Amino acid sequence: MDFVFDTYDDYSGNSRNSSLPVPSAPLTIPNFPLQGDITRKFSNLNILNHIKPKGKDQDQAQDTVAFRYAKSSLDLILSSSDTPAPLGTSSETTDSNVLAGRLSRVLNQFNFDSSIRQSLLLLQSRTEDQQISADGGIDYKNLTSPNMLGSITRRKLRGDIESELLRQHFQSLKKFQLVVKKLNVIRQDLEDLNSCYDEIDQKLDSSLKSVETYKKGVKELIGQRDLVKIKKGLLSGFRTNFTLSVYEDHLLRAGNIDRDFFNVVAKVEKIYSSCDILLSMNNDKLGISIMNQMSNLQQIAIDRISSFLRKNLNSIYIQNDFAQDAESIANFQRALVFVLTKNKDEFDSIVSEIIESRSRIVTEEFLGQLNGYTNEIRTKPSKSFIMASYDSKRYVSDVLAYLHSVIVNELELVESLFTFDREVSTDLAPVIRTVVNKVLGSLSRPLKSSYETILRQESKPGVVVELYQLLELYKHMFDKLTKQNDLIDSLTQLQHDSFEKLLILVTLKLREIKVESEIEEVDEEVLSLPDWLIDFYSEFLVIFDYQNSTDKTFLNVSVESENELFRLLVDEPIELLERIVKKLSFSKKSKTIFTINCVDFIVSKLELISCLGGKQVTAQGVLDTNIKSLISDEFTQLLRNSGLFDIYNLINMIYKLEDDFFDVALYEPITENKLFNVSTFQNADQKLQEFLIGYLVSNELNKLISPKILNTIFITSTLQFVKFYRKLRLVVAEYLVDSDNQPINVFRWDDMHVATLLGVEEAYETELRIIN
């Protein structure tokens, strides 16, 4: 432990009278972490303040802290009369306090070693136990003194500590003394063992060097053996994966086509597909050679399987001696699938032979049935399943029923041909459909020929429609059994031909009517319906008896075809009727009545047929137009026959009578007309009396066939006349007066009498109640 003392400038150690200076308090020397901080801290030391440059003056030196401190000490000594006492106690206390502060700062640092604290605590406890050590007489009280005595005490303490440490180390080593003695006893044995070990090691080294060559040779032989094993494995794997054995080659070229045969074929395909590895080598000749060999073997297999299929198909179709055991059937189906997947052209060729053979058989049987009806009476009637063609409906029904049985039989036959009543393979299902469709397609031509022959001979529209519906029925039945079939397409085409035949029949009938209408005469006295109209609708409206209410159009034909048929059935007869009426040399009223009778007959026929609702509206419009025209003509005739036609026109010129509003005052200008006189109305009254007496008997409206239309026209026209007569009487009573300005009565009958004579008194009374 070191201490730094401040020295005074006037102190001299050689002076006799001088005493030892009282040391100043120890300097504060903290633990400096950096060298730069140590230099900065040394600037605060008091001893550095006494090191002054030589050029400084005395006044500046007196201002130093040390000088002031020394001066104050001398003044204190001089002022005291007693002998100056040493300042040891005070100095020691101060130094102890300073040391305690320094130790506190050192011990409280964050990087302080805890062993120092423990050492100080041990030293403190030792001080408290004894004032003077028993071994060396250490004065622990002077241990921290900064004087010479403290320094000696500390050095002695250091020596004691070192002695203590040596003693303790000696005690620790003493524990190993026995062990060392024992080790010394076996030392010689250990040395002998080490020498033996070295000798053995040398011998082993020499032995290893001697067998080095032998090991090298063994290693080379092991490497050669492994290489031979690898080559052997490669050759064995190559032979297994890229070649066929002699037995497999024989089985592929001349063996039976069974499960083993197809296993060999599968191996050939696998070898062929695995040649990609060989082709990727630098030398691809081996891969190409093996691929050529496998390709040739595949072609041989396909040829043998094709021959196998042709032979067995011939056996199944003609000889029917195919062994239908499970293994044979499985081999046959494997052959079919193999040819289908590997050589589609060859498979199509085989299937084409099947189709051709089967189509020929089925067509011959069908033609035999169709031709059977020609000799049905002269030969055995039971030979043909089809009835004679004089009954078209029965004939076509039998033909279609026969075709239905052919389709069912052919499906069963082809399915059994490819599956033998087993589950149908997904690969063979399209083939079965193709074979069936093409075999059945061969029947479409004789069917069309036979049906067209029957259709050309048929002249009844109802039968044509029944034939159409028969085709529709069997087309749905055929479609449930097989799809995308030429036979079904033929039925669709025959349906179209049947509908065209129906249109042709209607067109021919209309042409015939046009010719007949030129010859047929219409009786004006009766104005009854022409025969051609009755016959036309009696003949052709029966086709709607077979109409299904769920059909969107008639017979589910296209909208254009339906509109064409309806045009021929409704529009054409009405147009023909209009042309015939124009040529008649009748009165306008008779022509209108004849037209109304005919059109009403057409409407009465159409209203019973739901699908002709649109055409009924058209015909009803024509009928309503003619009814309105006849009502107007009948009212005009009543005015003319009663002599009131001119008066009616005169009144209407002033204000229309048809308006609901009527006021006599509006017609005052009639008095200015020269027709408005007594003689005019007297003559009109005379004519009216003569006309009304025989009107009901000689009225041409009685020629109307429909009572409803007759009643409508008669009541409407007569009521209109009676209402006019009533208004005319009011106007005449108001403005036709004598010289005395009294009304002149020119009409014998009032409006109710006229209504009674015309037979509409009840209807008129109803009108009056409404008016009032």
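Comparison of Phe747, Phe721, Phe676 shows that the only residue that is under 30 Å from Val599 (Cβ atoms), of a type in the set (Phe, Trp, Tyr), surrounded by 15 or more Cβ atoms within 10 Å (Cβ to Cβ) and modelled with pLDDT of 85 or more is Phe721.
So that you can scan it fast, the table gives a plain yes or no per residue for (1) in contact with a His (Cβ under 9 Å, 6 or more places away or on another chain); (2) within 17 Å of Ser449 (Cβ to Cβ); (3) in the same structural domain as Gly441 (by TED's automatic domain parsing); (4) modelled with pLDDT under 80:
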{"residue": "Ser328", "(1), (2), (3), (4)": "no, no, no, yes"}
{"residue": "Phe338", "(1), (2), (3), (4)": "no, no, no, no"}
{"residue": "Ser352", "(1), (2), (3), (4)": "no, no, yes, no"}
{"residue": "Ser359", "(1), (2), (3), (4)": "no, yes, yes, no"}
{"residue": "Thr363", "(1), (2), (3), (4)": "no, yes, yes, no"}
{"residue": "Asn371", "(1), (2), (3), (4)": "no, yes, yes, no"}
{"residue": "Glu376", "(1), (2), (3), (4)": "no, no, yes, yes"}
{"residue": "Ser384", "(1), (2), (3), (4)": "no, yes, yes, yes"}
{"residue": "Tyr390", "(1), (2), (3), (4)": "no, no, yes, yes"}
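Inspect segment 553-570 for any residue being outside the structural domain of Ala684 (by TED's automatic domain parsing), of a type outside the set (Phe, Trp, Tyr), surrounded by fewer than 17 Cβ atoms within 10 Å (Cβ to Cβ) and touching a Cys at 6+ places or on another chain (Cβ under 9 Å) and give the result as yes or no. Yes, segment 553-570 has at least one match. Select from segment 436-446 the residues that are part of a helix (DSSP H, G or I) and buried (at least 21 other Cβ atoms within 10 Å of the Cβ) and list them in ascending order. Within segment 436-446, Val436, Val439, Leu440 meet the criteria. Being of a type in the set (Val, Ile, Thr) and closer than 16 Å to Val399 by Cα is the filter; apply it to segment 476-500 and report the residue that is surrounded by the fewest Cβ atoms within 10 Å (Cβ to Cβ). The selected residue is Thr492. Just wondering, is there one or more residues in segment 231-243 that are touching a residue at least 40 places away in the same chain (Cβ under 8 Å) and in contact with a Lys or Arg (Cβ under 8 Å, 6 or more places away or on another chain)? No.
Remark: pairs (first residue in segment 539-556, farther than 22 Å from Leu510 by Cα; second residue exposed (fewer than 15 other Cβ atoms within 10 Å of the Cβ); Cβ separation under 8 Å; 6+ apart in sequence or on different chains) = Gln547/Ser610; Ser549/Ser610; Thr553/Val559.
Across segment 727-772, the qualifying residues are those that are among the aromatic types (Phe, Trp, Tyr) and part of a loop (DSSP other than H, G, I, E, B), and the one among them that is farthest from Ile651 (Cα to Cα) is Trp749.
Looking across Ser273, Ser280, Ser210, one residue alone is of a type in the set (Gly, Ala, Ser) and more than 57 Å from the chain's Cα centre (by Cα). It is Ser210. For segment 237-255, how many residues meet the condition of being modelled with pLDDT of 85 or more and exposed (fewer than 11 other Cβ atoms within 10 Å of the Cβ)? Looking only at that region, the number is 2.
Just one of the listed residues (Ser698, Ser706, Ser739) is out of contact with any strand residue (DSSP E or B) (no Cβ under 7 Å at 6 or more places or on another chain) and more than 30 Å from Cys598 (Cα to Cα), and it is Ser739. The one condition from (1) part of a helix (DSSP H, G or I); (2) modelled with pLDDT under 90; (3) polar (S, T, N, Q) that Ser425 does not meet is (1). With respect to being assigned to a helix (DSSP H, G or I), within 54 Å of the chain's Cα centre (by Cα) and touching a residue at least 24 places away in the same chain (Cβ under 8 Å), Phe262 fits the description.
The values are calculated or read from the model by the stated rules, or taken from the named source; none is laboratory data. Worth saying up front: this structure is predicted, and the values here are computed from it rather than measured. Reconstructed Cβ throughout: ideal geometry from the backbone, glycine too, with neighbour counts over all protein chains shown.
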